[in-house]
Amino acid sequence: MRIYTKRGDDGTTGLLFGGRVPKNAKRIEVNGAVDEAQAALGVARAELARGSELADLLVAIERDLWVLMAEVATAPANRKKLVGGQSLVTKEMVAALEARIDELSEHTSMPTEFVVPGENPPSAALDVARTAVRRAERVAVSLPMPGSLVVQYLNRLSDLVWTMARVAEGADHRTARSGPGRPTTKGA
């Protein structure tokens, strides 16, 4: 089997359940941003000890992002074909992220000021991944998806990745006091 199909040579790409759209369609732009975030999460995972709690969590998140990308890659007319947890983001998926944030927050004291990324390679890679997730969220906001939980999932995911970065730093968070006096920022 060859990796290239040549079907995209005309500047279009296929959607899940059929149909083609231009490669610069908003739907494809969202999935491209999510794909970049997923790759950044993979880089962060490569910085963590294999089999560690954070590395295993990242594998699960990367798989969840396949579900999210399937939903985004489906034309509105085919939305009824989506299956919760397989090709459609569910409330349970969002709730699971919230539960993980709460669990991980118990492992470390959270900083109260701006964080200076780069305490160690794993936390730095997680902070880069968090910014990629935030970018995907910003792009996703511009795609009308009534009833979808894609934006909510990405919002919680960025919070989770921020929390994971703090856990990866350990107890010695580095903070910057030169900010405008606001508490720690996660990217808003």
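Looking at the stretch 124-159, which of its residues are assigned to a helix (DSSP H, G or I) and either surrounded by fewer than 17 Cβ atoms within 10 Å (Cβ to Cβ) or of a type in the set (Val, Ile, Thr) (or both)?
We begin by selecting, within the stretch 124-159, every residue assigned to a helix (DSSP H, G or I); these are 124-141, 150-159.
Those that are assigned to a helix (DSSP H, G or I) and either surrounded by fewer than 17 Cβ atoms within 10 Å (Cβ to Cβ) or of a type in the set (Val, Ile, Thr) (or both): Val128, Thr131, Val133, Arg138, Val139, Val141, Val150, Val151, Gln152.
Restricted to the stretch 61-117, and to residues there that are under 19 Å from the mean Cα position of the chain (by Cα) and among the basic types (Lys, Arg), the residue that is nearest to Ala33 (Cα to Cα) is Arg63.
For the stretch 1-31, residues that are within 25 Å of Lys81 (Cα to Cα) and either β-branched (Val, Ile, Thr) or surrounded by fewer than 16 Cβ atoms within 10 Å (Cβ to Cβ) (or both) total 16.
Taken over the stretch 26-43, the criterion of being under 17 Å from Trp162 (Cα atoms) and of a type in the set (Gly, Ala, Ser) is satisfied by Ala37, Ala39, Ala40, Gly42. Contact map, the stretch 107-123: residues that are in a loop (DSSP other than H, G, I, E, B) paired with residues that are modelled with pLDDT under 80 and hydrophobic (A, V, I, L, M, F, W, C), Cβ distance under 8 Å, separation 6+ or inter-chain. Pairs shown: Thr108/Ala171; Ser109/Ala171; Glu113/Ala176; Val116/Ala176.
When the stretch 1-28 is examined, which residues are found to be in contact with a Lys or Arg (Cβ under 9 Å, 6 or more places away or on another chain) and either assigned to a helix (DSSP H, G or I) or of a type in the set (Phe, Trp, Tyr) (or both)? First the steps, then the outcome.
From the stretch 1-28, those in contact with a Lys or Arg (Cβ under 9 Å, 6 or more places away or on another chain) are 7-8, 10-17, 20-21; that's our starting set.
Arg7, Gly8, Asp10, Phe17, listed by residue number.
Figure legend. Inter-residue proximity from the stretch 147-173: first residues under 20 Å from Val94 (Cα atoms), second residues modelled with pLDDT of 95 or more and of a type in the set (Asp, Glu), beta-carbon distance below 7 Å, spacing 6+ or different chains. Indicated pairs: Ser148/Glu71; Val150/Glu71; Val151/Glu137; Leu154/Glu137; Asn155/Glu137; Arg156/Glu98; Ser158/Glu137; Ala165/Asp127.
If the condition is being more than 24 Å from the chain's Cα centre (by Cα) and within 14 Å of Thr74 (Cα to Cα), then the stretch 1-21 contributes Gly18, Gly19, Arg20.
Criterion applied to Leu41, Leu57 was being within 12 Å of the chain's Cα centre (by Cα), in a helix (DSSP H, G or I) and in contact (Cβ under 8 Å) with a residue 40 or more places away in the chain, and the one residue passing it is Leu41. Hey, does the stretch 72-81 have a residue that's out of contact with any Cys (no Cβ under 9 Å at 6 or more places or on another chain), of a type outside the set (Val, Ile, Thr) and closer than 17 Å to Val161 by Cβ? Taking every residue of the stretch 72-81 in turn, none turns out to be out of contact with any Cys (no Cβ under 9 Å at 6 or more places or on another chain), of a type outside the set (Val, Ile, Thr) and closer than 17 Å to Val161 by Cβ. With the requirement that a residue be over 19 Å from Thr131 (Cβ atoms), surrounded by 16 or more Cβ atoms within 10 Å (Cβ to Cβ) and polar (S, T, N, Q), what does the stretch 34-79 give you? If the condition is that a residue be over 19 Å from Thr131 (Cβ atoms), surrounded by 16 or more Cβ atoms within 10 Å (Cβ to Cβ) and polar (S, T, N, Q), then Thr74 is the only one that fits.
The values are calculated or read from the model by the stated rules, or taken from the named source; none is laboratory data. Just so you know, these numbers come straight off a predicted model, no measurement behind them. Ideal geometry is used to build each Cβ from the backbone, glycine not excepted, and the neighbour counts take in all protein chains shown.
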